[in-house]
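In what follows, a single structure is set out as structure tokens and then discussed.
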Amino acid sequence: MYERHFGLRELPFGLTPDTEYYFAHARQQEALNTLLAAIRMGEGFLKVTGEVGTGKTLLCRKLLTVLAADPQVTTAYIPNPTLDPLALIEAITAELAIPPVPGRGPHALMQALTGHLIASCAQGRRVVLCLDEVQAMPMETLEALRLISNLETEKRKLLQIVLFGQPELDAHLEARSVRQLRQRIAFSCELAPLSLADTDDYLRHRLHVAGYEGPALFGRRALRVLYRASAGVPRLTNILAHKSLMVAYGEGAMVVRARHMRLACADTEAARARFGFLRFAFRGRR
């Protein structure tokens, strides 16, 4: 597409959560450090919330990558928690590579999971379960998760659980039926959108990872238009940056200007809906 034109090895603003592009701005790095410290301390339940597109899944993947480098940690990742309680236990045992259980009933599965966790504890290993999009988890499955977290020795939890979800997760945890789970959450982190300065650094970081070595590719006015349209949400920032690069490339330009960014905003529903860019996409071009 426009990679050769701008001197890039690859497209810099993809939407997949690629940990190579992880950007450690203050709130994101604070959340990662908090999670790693809490896991080392043996805390049972941890929670990360953030609005759509603020980088929860990328943070989750980064956490898993860091933990994978520790030979004393085993991780399990459940990306889609819209499961009933039995299906959740089956998913956890599958992630931990626990051999199939005859009968596959809940009691047999729990016995197999408990045995695996006890053996891991005896070997000095921590087992960390990360669940993404937990705001979509049924209430009865949330309660089942609490019961799973009861597995412990006199000294430590056998399973540490990290919940990632949208702000609706906090509303679900206010329900009386899961109040015991809410009380067990030791640390909570909230991901915030990027600031204007962070957005500038974010764009530069992703361009650098993608191989760009030239001068600033986004003009200052283009950056301000982008920030106003994205409100600092990384996912929307990626979409608008990608589209504006396409527009600039189509004109043969080597720098993204405000008019390029306005056209990208006019072509993006989320930007139009939030800030009304459709009404003034072409303003300032005269």
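Quick note: the coordinates plus some simple rules give every number you see, no bench work behind them. Fair warning: this is a prediction, and the values are worked out from it, not measured in the lab. Ideal geometry is used to build each Cβ from the backbone, glycine not excepted, and the neighbour counts take in all protein chains shown.
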Span per principal axis, largest first, for the Cα atoms of the stretch 26-191 (Å): 45, 34, 27
Cα long-axis angle, helix 220-230 against the chain (0 to 90 degrees, to the nearest 10): 40
Which of LYS243, LYS56 has the fewest Cβ neighbours within 10 Å, and the rest in rising order: LYS243, LYS56
Over the stretch 50-132: Rg over Rh, Cα atoms, Kirkwood Rh: 1.01
Phi to ³J(HN,Hα) by Karplus 6.51 cos²θ - 1.76 cosθ + 1.60 over the stretch 2-13, Hz, x for Gly, Pro: 9, 4, 5, 4, 9, x, 10, 7, 7, 5, x, 10
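Please compute the net charge surrounding PRO167, taking Lys and Arg as +1 and Asp and Glu as -1 over other residues with Cβ under 9 Å from its Cβ. All intermediate terms of the calculation are to be shown ahead of the outcome.
Numbers: positive: none; negative: GLU51, GLU168, ASP170, GLU190.
Once all neighbours under 9 Å are counted, the net charge is -4.
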Backbone HN-Hα couplings from phi across the stretch 110-122 [Karplus 6.51/-1.76/1.60, Hz, Gly and Pro as x]: 5, 4, 5, 5, 4, x, 5, 5, 5, 5, 5, 4, 4
Gaussian network model of the chain, springs between alpha carbon atoms under 10 Å - residue of VAL255, VAL66, VAL209 with greatest fluctuation: VAL66
Dimensions (Å) - the stretch 114-210, Cα atoms, principal axes, largest first: 49, 37, 20
Lys pairs, the chain - Cα-Cα below 29 angstrom, 8 or more residues apart or on other chains: 9
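With charges set only on the Cβ (+1 for Lys and Arg, -1 for Asp and Glu), what does the dipole of the chain come to about its Cα centre, in debye to the nearest 20?
Working: 36 positive and 28 negative charges, 255 e Å.
For the chain, the charge dipole is close to 1220 debye.
Size of the dipole of the stretch 1-57 about the Cα centre, Lys and Arg at +1 and Asp and Glu at -1 on the beta carbon, nothing else charged, in debye to 20?
Working: 6 positive and 7 negative charges, 18 e Å.
Result for the stretch 1-57 is approximately 80 debye, rounded to the nearest 20.
Taking the Cα centre of the stretch 195-280 as origin, sum charge times position over the Cβ atoms of Lys and Arg (+1) and Asp and Glu (-1), and report the length of that vector in debye to the nearest 20. Walk me through the intermediate numbers first.
Values: 14 positive and 7 negative charges, 77 e Å.
Computed about the Cα centre, the dipole is about 360 debye.
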14 Å beta-carbon shell around THR153, net charge (K/R +1, D/E -1): +3
The chain: angle of helix 234-251 to the longest principal axis, Cα-based, in degrees nearest 10: 30
Angle between the chain longest axis and helix 26-41 axis [Cα atoms, degrees, rounded to 10]: 10
